[in-house]
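The values are calculated or read from the model by the stated rules, or taken from the named source; none is laboratory data. Since the model is a prediction, treat every value here as computed from it, not as a measurement. Cβ: placed from backbone, ideal geometry, glycine included. Neighbour counts: every protein chain shown. Please note that ligands, DNA and RNA were not included when accessible areas were found on the heavy atoms of the full protein model with its side chains. Shrake-Rupley method; radii C 1.70, N 1.55, O 1.52, S 1.80 Å.
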Amino acid sequence: GSLNFLAMVENLQGDSGRGYYLEMLIGTPAQALNILVDTGSSNFAVAGVPDPDVTSYFNPELSSTYRSQGIEVTVKYSQGSWTGVLGTDVITMPKGLDGSYTINIATILESENFFLPGVKWHGILGLAYDALAKPSSSVETFFDSLVRQAEIPNIFSLQMCGAGLPVSGSGTNGGSLVLGGIEPSLYTGEIWYTPIKEEWYYQVEILKLEVGGQNLQLDCREYNADKAIVDSGTTLLRLPEKVFSAVVQAIARTSLIQEFSSGFWTGSQLACWDRTEKPWSLFPKISIYLRDENSSRSFRISVLPQLYIQPILGIGDNLQCYRFGISSSTNALVIGATVMEGFYVIFDRAQRRVGFAVSPCAEADGAPVSEIEGPFPTADVATNCVSSVSFHEPVLWIASYALMSLCGIILLVLIVLLLIPPRCQHRYTDNDVVNDESSLVRHRWK
């Protein structure tokens, strides 16, 4: 069918604090649910039983088109986890593609720290690659099913419009998930593309970081330890521990306020100012350099403090409190909603690249809060900032099996050598010790 991208504009609601979600109709007759858009996982899953934090859930028993596959599945996220059962059903998207599609759907039966108080969504739409799908990559992802059944191009794009607005306020902000392409009205200027380094998460290569125009001067591999990903399902900009402390030090140095308590940086405390004051002028802009498709060039995406010093609901009449929208991470640099709200982000799976363009909704008080500039030469950076050792489970399994086989082969060779009677020595008689020994070994290895 023909694609009408305009129909998909403003099909999301939400905020950076609680995620952006899409309305979806599941089953026959249709049950309407809000589904969180998550580019950092690959399963499509919905609440399948009532839960205290969920206002609505999918009841498969009421759907004549639901088919259970009877396979149990558990998915863990950086925060929270759930266990459910795999099945298939038909879905339609009121503000998405025309038509209905049969897709894999996990009904969540138990969860921990997954549905949180105040979230307005009831399920999750994992838009990353099938390598991350659980229990195995043979579970076709939602988007792969759409590409196959609706015959749309293998590309989607995402605009989240919550910049400078209170997180977890009572209202919601809009956003757009465009399936099958790029909607020109959602960006200004040009789109800058960076290659996808590996197709599991949307893994990209970060070359350097600047705070207030000052290079952090870290080895570029630190920025990609042990991966750098674009993940709409993560709230904050998350930085590897080394990078995080360097960024905090640089902000504290360049910001005009020294007396910040450490609790603000670690996320355990809010900082509050008089309502009439806007603290953003006190903080520097942060720039992330990404490798361009032409590897000898780079471009930078910058976020102003309006994106990472985030207003929380006010206290009383005269105070407005803010949280720090950056946190540390043990295993990844994550470009989460905090940064993504500044941009229209294109997930061009067909050409294995992620694109960034300035988003017209990324404004606060009429001024843009994000910018993209380039190209810059990459002569001062290593040719590869991504460590070639990638530790994901499949690779680890393959490595361990390979090592085990190697050990097995070596042992077999040793045993065979033991069993072959050595030449140039006296012939053993039948009742010799060695035969008993060797038969023991032989039996043990059957």
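The packing ranking, built from the mean of other Cβ atoms within 10 Å per residue, places the peptides 40-50, 350-360 in the order 40-50, 350-360, highest first. These residues, L6, L304, L270, go from largest to smallest accessible area, 1.4 Å probe, as L6, L270, L304. Dipole of segment 259-370, Cα-centred, from +1 at each Lys and Arg C-beta and -1 at each Asp and Glu C-beta, to the nearest 20 debye? Charge dipole of segment 259-370: 540 debye, to the nearest 20. Computed extension length for S296-A379: 29.2 nm, one decimal, from 0.36 nm per residue of separation with the Cα-Cα distance subtracted. Each of S295, I372, F343 was placed along the dipole of segment 284-372 (beta-carbon charges, centred on the mean Cα), and the one lying farthest toward the positive end is S295. If R₀ is 30 angstrom, what is the calculated FRET efficiency for the pair A7 and T55, using the beta carbon separation as r and rounding to 0.05? For R0 = 30 Å, the calculated efficiency reads 0.70. What is the angle, in °, between the Cα long axis of helix 241-254 and the longest principal axis of the Cα atoms in the chain? Nearest 10 is fine, range 0 to 90. Roughly 20 degrees, rounded to the nearest 10. Placing +1 on the Cβ of every Lys and Arg and -1 on the Cβ of every Asp and Glu, with nothing else charged, gives segment 154-391 a dipole about its Cα centre of roughly 300 debye.
Can you tell me the FRET efficiency between I398 and N154 if r is taken as the Cβ-Cβ distance and R0 is 22 Å, rounded to the nearest 0.05? Before the final figure, lay out the partial values.
Working: r = 27 Å, r/R0 = 1.21.
Efficiency for this residue pair is about 0.25.
Net charge of the neighbourhood of E363, taken over other residues with C-beta under 13 Å away and scored Lys/Arg +1, Asp/Glu -1, is -3. Projecting the Cα atoms of V413, T65, F356 onto the charge dipole of the chain (Cβ charges, centred on the Cα centre) puts V413 farthest toward the positive pole. Pairs of Cα atoms nearer than 8 Å and 6+ residues apart set the relative contact order; for segment 66-149 it is 25 percent. A simple charge model with +1 on the Cβ of Lys and Arg, -1 on the Cβ of Asp and Glu and nothing else charged puts the dipole of segment 19-152 at about 80 debye relative to its Cα centre. So what does log10 I(q)/I(0) come out to for segment 19-152 at q = 0.18, 0.21 Å⁻¹, using the Debye formula with one equal point on every Cα and no solvent? After summing over all Cα pairs, the log10 values are -0.96, -1.39. Straight-distance candidates among the lysines for linking to K197, with alpha-carbon spacing under 19 Å and chain neighbours fewer than 8 residues away dropped: K208, K227. Over all other residues within a Cβ to Cβ distance under 14 Å of N173, the charged ones net out to -2, with Lys and Arg as +1 and Asp and Glu as -1. Its relative contact order, with pairs defined as Cα atoms under 8 Å and 6+ residues apart, puts the chain at 17 percent.
Among beta bridges identified by DSSP and lying wholly in segment 154-391, the antiparallel ones come to about 90 percent. Take the Cα radius of gyration of segment 154-391 and divide it by 2.2 N^0.38 Å, N being the number of residues; the result is 0.98.
Per DSSP H run of at least 4 residues, take -39500 (n - 2.57); add these up for the chain, divide by its residues and hand me the 222 nm value, nearest 500 deg cm²/dmol. The partial results should precede the final answer.
Working: 8 runs with 79 residues, N = 446.
That calculation yields -5000 deg cm²/dmol at 222 nm.
Candidate cross-link partners of K95 among the lysines, defined by an alpha-carbon separation under 18 Å and a same-chain spacing of 8 or more, comprise K120. A value for P(r) over Cα pairs in 20 Å bins from 0, in percent was derived from the coordinates, and within the list (i) 26, 55, 17, 2, 0; (ii) 23, 49, 18, 8, 2, 0; (iii) 22, 40, 26, 12, 0 it appears as (ii). When the charge dipole of the chain is built from unit charges on Cβ atoms (+1 for Lys and Arg, -1 for Asp and Glu) and taken about the Cα centre, the candidate among I26, V75, G96 whose Cα reaches farthest toward its positive end is V75. Once the chain from L256 to S68 is taken as fully extended at 0.36 nm per residue, the excess over their C-alpha distance is 61.8 nm.
The angle separating the long axis of helix 433-444 from the principal Cα axis of greatest extent in the chain is about 40 degrees.
May I ask you to derive the FRET efficiency for A367 and S138 from their Cβ-Cβ distance with R0 = 45 Å, giving the value to the nearest 0.05? All intermediate terms of the calculation are to be shown ahead of the outcome.
On the way: r = 49 Å, r/R0 = 1.08.
FRET efficiency, A367 to S138: 0.40.
Calculate how steeply helix 393-419 sits against the longest principal axis of the alpha-carbon atoms of the chain, using the helix alpha-carbon long axis, and give the answer as 0 to 90 degrees to the nearest 10. Value to nearest ten degrees: 10.
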